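Student: Let me begin by handing over the structure; questions about it come next.
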């Protein structure tokens, strides 16, 4: 089926901006809601992109107005940090609102308004019995995304995503510019980083391929790294390599607890540590129907971590931090 009009919720962020750019290149009309116009200025340079400013997707009336008349909806909303769960709850209200209630409301509105195609961003490792609130809420979000048979859903589970302006390698590179040594929690945790352009291509390919309906796709790169190796890569490629020292579990939990209670967005939380108890690694290669040859981290990261202009399609859009 051909989709001429697509709503992308969470389209102003790192991954969303690349998906918006790819869809705009196909001639698709893309609508992107945003709470703040300043967060979406970079998208105004793209053809056929409409910004809906001061839109609140958590308001049912506004959400229905955004969905009405669309051919498909893509939901990329996700948070890494949230308040602790109340007694007996699997996760806190922040995770519930962003990861579970929003997709449930999106699917209900899509079914009501006759919008039958929905692409949903989840996370590698999502499971009802996962060790972290983040991963448990992502699993319930997947169930919500698949809850109405009238809406044809595809789910994506990426590992950590890298690319220009990412919030992972860039953070470790920046810290190594400032610190003489890196004290690292869960240094042996495993990740399989995936390039942001490959993630964006997976979404666009899936949108136009009906055989992806009802499926869940793991998105991961060609190589598995420990967290220690990724931090060392970030330091080396940015020109500021530092010694990396693994922290004992008890000290790491104490550090995360302190960081949670400092002003601003924490670098790491205890729930993040819990997420790393399970390997962030795919069960196999990327699905053949996505037609993607995963991009090696080494082919891209040395450019943007050194502040050099990356080559290839990543240069097609400036991504707002």
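Student: Quote the relative contact order of the chain in percent (integer), defining contacts as alpha-carbon pairs under 8 Å separated by 6+ residues.
Tutor: 19 percent
Student: Same structure again: Using per-residue counts of other Cβ atoms within 10 Å, averaged over each peptide, order 86-92, 115-121 from highest down.
Tutor: 115-121, 86-92
Student: Distance from the Cα centre of the stretch 265-292 to that of the stretch 1-55, in angstrom?
Tutor: 25 Å
Student: I've got another one for you. To the nearest 10 degrees, how steep is helix 249-260 against the longest Cα principal axis of the chain, on a 0 to 90 scale?
Tutor: Orientation of helix 249-260: about 50 degrees from the principal axis.
Student: On to the next question. Relative to the longest principal axis of the C-alpha atoms of the chain, give the angle of the C-alpha long axis of helix 102-113, reported between 0 and 90° and rounded to the nearest 10°.
Tutor: 10 degrees
Student: Follow-up. Mind ranking 200-206, 275-281 by how tightly packed they are, going by the mean number of other C-beta atoms within 10 angstrom, highest first?
Tutor: 200-206, 275-281
Student: Select one label from [x] 55, 50, 39; [y] 73, 53, 37; [z] 65, 47, 35: the one whose number is Cα extents along the principal axes in Å as derived from the coordinates shown.
Tutor: The value matching this structure is [x].
Student: List 71, 140 from most exposed to least, where exposure is judged by having the fewest other Cβ atoms within 10 Å.
Tutor: Listing 71, 140 from fewest to most nearby Cβ atoms yields 71, 140.
Student: Shifting gears a bit: Based on DSSP H runs of at least 4 residues, each adding -39500 (n - 2.57), what is the mean residue ellipticity at 222 nm of the chain after dividing by all its residues, to the nearest 500 deg cm²/dmol?
Tutor: Result for the chain: -9500 deg cm²/dmol, rounded to the nearest 500.
Student: Compute the angle between helix 169-178 and the longest alpha-carbon principal axis of the chain, please, reported from 0 to 90 degrees and rounded to the nearest 10.
Tutor: The answer is roughly 30 degrees.
Student: How many Å³ per residue does the convex hull of the Cα positions in the stretch 1-62 occupy?
Tutor: Convex hull of Cα atoms, per residue: 86 Å³.
Student: Ok, one more. So how do 253-261, 145-153, 165-173 stack up, highest first, on mean other-Cβ count within 10 Å?
Tutor: 165-173, 145-153, 253-261
Student: Give me the percent relative contact order of the stretch 1-90, please, defined on Cα pairs under 8 angstrom at least 6 residues apart.
Tutor: 34 percent
Student: Right, next: Please work out the Cα center distance from the stretch 164-235 to the stretch 97-139, rounded to the nearest Å.
Tutor: 21 Å
Student: Which three extents, in whole angstrom, do the alpha-carbon atoms of the stretch 106-151 cover along their principal axes, largest first?
Tutor: Extents along the principal axes: 37, 13, 13 Å.
Student: How many percent of the alpha carbon pairs in the stretch 79-182 exceed a separation of 24 Å?
Tutor: Cα-Cα pairs of the stretch 79-182 separated by over 24 Å account for 38 percent.
Student: Provide the percentage of antiparallel DSSP beta bridges, counting only those with both residues in the stretch 120-273; round to the nearest 5.
Tutor: 15 percent
None of the figures in this text is laboratory data; all of them are computed from the coordinates on show. What you see is a predicted model, and the numbers here were worked out from it, not measured in a lab. All Cβ positions, glycine included, derive from the backbone under ideal geometry; neighbour counts span all protein chains shown.
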